[in-house]
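Taken together, the values in this text are just the output of simple stated rules run on the coordinates, not laboratory data. Bear in mind that the values here come from a model prediction, so they are computed numbers and not experimental data. Positions of Cβ are generated from backbone atoms using ideal geometry, with glycine treated the same way; all protein chains shown enter the neighbour counts.
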Amino acid sequence: MIIGIGVDICSISRMKRAIRSEHFTKRVFHPRERDYAFSKAGPARHFAAAFAAREAFSKASGISMYALAFQGAWIERTHSGPVLLIKDDLRHLLPAEEWKAHLSLSHDGDFSVAMVVLEALP
């Protein structure tokens, strides 16, 4: 059963300015997100997508963005695509005990977008 849907868009040029600060990247992004983004030719687009994914998950789950923003949620890259993970201590805030977040990321021009569909599992 679908229990939430969220979408968010993030400016890549704004993220490009923000990631000039090592303090910002270390505070906001999980080490695996930083490793992935900095391994790419245009890291800002990948950071923007990861940030948009947090916002979209916040909207889908009802968990405050403040709780998710500082490494409370992060994107893992797998062979089958990006997966959204959250810290164990935030799981009690979700509207279902067992759940799956379906995540879609995209980039075009100066924007990255993320969509999350949150599914309660039986």
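Give me the net charge of residue 64's neighbourhood, meaning all other residues with Cβ under 12 Å from the Cβ of residue 64; Lys, Arg count +1, Asp, Glu -1.
Computed value for this residue: +1.
Return the FRET efficiency for the residue pair residue 13, residue 70: r is the Cβ-Cβ distance, R0 is 22 Å, and the value is rounded to the nearest 0.05.
Once the sixth-power term is evaluated, E becomes 0.45.
Which one, 43, 95, 5, projects farthest toward the positive side of the charge dipole computed for the chain from Cβ point charges (K/R +1, D/E -1)?
Most positive-ward Cα: 43.
Working from Cα positions, state the angle (0 to 90°, nearest 10) between the long axis of helix 43-61 and the longest principal axis of the chain.
The angle comes out at about 20 degrees.
How far, in nm, would the chain grow between residue 77 and residue 96 when pulled straight, counting 0.36 nm per residue and subtracting the alpha carbon separation?
Answer, rounded to one decimal: 4.4 nm.
Among residues other than residue 12 whose Cβ falls under 11 Å from its Cβ, what is the net charge (Lys/Arg +1, Asp/Glu -1)?
Computed value for this residue: +2.
Students often get this wrong: which residues of region 107-122 have the backbone nitrogen under 19 Å from the point 7 angstrom along Cα-to-C-beta of residue 1?
From region 107-122, the list is 117-122.
For residue 109, what charge total do you get from the other residues with a beta carbon under 14 Å from its beta carbon, if Lys and Arg give +1 and Asp and Glu give -1?
Here the charged neighbours net out to +1.
In the chain, what is the count of Lys pairs whose alpha carbons are under 22 Å apart, counting only pairs at least 8 residues apart or on separate chains?
7
Can you give the helix-only mean residue ellipticity at 222 nm for the chain, where every DSSP H stretch with n ≥ 4 adds -39500 (n - 2.57) and the sum goes over all residues, rounded to the nearest 500 deg cm²/dmol?
-10500 deg cm²/dmol
Taking the Cα centre of the chain as origin, sum charge times position over the Cβ atoms of Lys and Arg (+1) and Asp and Glu (-1), and report the length of that vector in debye to the nearest 20.
My answer is approximately 540 debye.
For the ranges 5-11, 75-81, what's the packing order if you count other beta-carbon atoms within 10 Å of each residue, average per peptide, and put the highest first? Before the final figure, lay out each step's value.
Details: 5-11: 18.1, 75-81: 11.4.
Ranking, from highest mean packing down: 5-11, 75-81.
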